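Structure first, then comments.
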Amino acid sequence: MEKKAACIALCVFFMLISCKSSEDSIAVIWTNSTEFISYAEAFNNAQSEHKIVISYKKNPADALLHEEELPDIVIAPWLKGDKTRGKFANLNSLLSDDKLKPESFYTSLLELGNTDNKQFLLPVCFNLPAIIFSAAEKNLVLNNFTLSLEEMSVLSQKYNKKEGAEYVRMGFSPRWDMNFLYAAMQGFGAGFEETEQSFSWDTGNLEQLIDLTRNWSKTVNTSTESEDTFKFKYLYDPPHKLITNNRCLFWYLPSDKFFSLPAEQLEALDYRWMSCGGKTPLHDTIIYAGLCKKAKNKAAAKAFFLWFFTTATQQALLERGHTQNMITPSFGLAGGFSSIRDVTETVFPVYYKLLLKRLPQMNTFLSPNILPNNWEQIKKEIIFPFMEEETKTGEKNEESVSLEKRIALWNKKRLN
């Protein structure tokens, strides 16, 4: 009887060990990048020791702060803030010549995920601001790589055309798209950065851009009223139509939106990277990957990182994505340029021929500072309304609300 009981106990023990071993081989990823469903499938098919499962979260950074049961890996933007960064483990052990070589990454992107010489986050992908225009007008743009706001202003003024008192053709206005104006803010050194209470900025640099924008409206397009009238009357078509139909000279698109356009539209377009003082501001939504401190399946999570952050793997994923994109257009790797230089500079041009002349140049990158995890909401509810009001021409409204007061009112509203 005792032998039988011991035998049963031993069987149960081995069953528990087997179950635990099976459980430990599975890592959970939280992400809002649906491309990782395909990437996880590729990883699972490439080996049999570990498995990855994907759990979609609309806002992984927010979920990280409010949900009790955390995943093994989080892959998303807005993870670098103070509140979220503390949830991640140190990944220094993965960065070495026989694992992931630090020099294989774009340096500025890797540094953003590093705090006190501890690598908490690994960069996945990024995007750049592109200024697009008709290929028929390419001879107007002398610089073959970048386009500054000053150059855009001069060319826009020459392009403008009136019939009577109204514009029927207008080169460009920075105020048409607050996303463009925000990219310009970053380029001009507005320096938005997370603070303990909210965020800080460089007032002088921000005012410099406000002055430039107001001056553009007055000297190039007559007034903000003229710009708004033109926008209301004509700017309802997609950007490529506005440009190729000679309604506008320029338009702003982030690189993921531009390179996701159908081939027949791209053939009629050309582009340059936005330049501010010789630098191109990176789009804020840089995607990072982190290993949670409380990860239950660290071995599987680390195995995924070592597999994913290689040129060979990402080349295969780009080929896989290119085939699938026949149905669902998506740019590059997880919707952006790869953080691995070799992939972006040698593999991407195979699939995106327009990059052959204008590969992203690391020495021109202007990286954002560390920003709050709710930065998208802050931009839309505080910064965009502020800039829309401040860049209007005419006499300044005495009742205009300062950025400091907008922040105070916004924080008060959140507490109520």
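Taking the criterion of being under 26 Å from F126 (Cα atoms), of a type in the set (K, R) and exposed (fewer than 14 other Cβ atoms within 10 Å of the Cβ), the only residue of segment 358-413 that qualifies is K380. Does segment 71-83 hold any residues that are modelled with pLDDT under 95 and out of contact with any helix residue (DSSP H, G or I) (no Cβ under 8 Å at 6 or more places or on another chain), and which are they? Listed by number, the list holds a single entry, D82. Candidates S173, S153, S93, S108: the one that is in contact with a strand residue (DSSP E or B) (Cβ under 7 Å, 6 or more places away or on another chain), hydroxyl-bearing (S, T, Y) and either assigned by TED's automatic domain parsing to the domain that holds Y288 or under 28 Å from S255 (Cα atoms) (or both) is S108. Where helices (runs of 4 or more DSSP H) fall entirely within segment 240-325, those with at least 2 residues that are buried (at least 21 other Cβ atoms within 10 Å of the Cβ) and in the same structural domain as P360 (by TED's automatic domain parsing) are at 298-308, 311-324. When segment 111-139 is filtered for residues that are assigned to a helix (DSSP H, G or I), surrounded by 14 or more Cβ atoms within 10 Å (Cβ to Cβ) and in the same structural domain as L253 (by TED's automatic domain parsing), the ones remaining, listed by number, are A135, E137.
For segment 200-220, the criterion of a residue being in a loop (DSSP other than H, G, I, E, B), surrounded by 16 or more Cβ atoms within 10 Å (Cβ to Cβ), modelled with pLDDT of 95 or more and not aromatic (F, W, Y) is satisfied by at least one position.
Every listed requirement among (1) in a helix (DSSP H, G or I); (2) modelled with pLDDT under 95 is met by F384 save one, (2). Among E150, E68, E49, E103, which is the only one that is in contact with a helix residue (DSSP H, G or I) (Cβ under 9 Å, 6 or more places away or on another chain), assigned to a loop (DSSP other than H, G, I, E, B) and surrounded by fewer than 17 Cβ atoms within 10 Å (Cβ to Cβ)? It is E49. Among all residues of segment 345-361, there is none that is β-branched (V, I, T) and under 18 Å from R272 (Cβ atoms).
Annotation for segment 215-237: no member residue is within 24 Å of the chain's Cα centre (by Cα) and closer than 18 Å to M152 by Cβ.
The values are calculated or read from the model by the stated rules, or taken from the named source; none is laboratory data. Here the structure is a predicted model, which is why all the values come from computation and not from measurement. Reconstructed Cβ throughout: ideal geometry from the backbone, glycine too, with neighbour counts over all protein chains shown.
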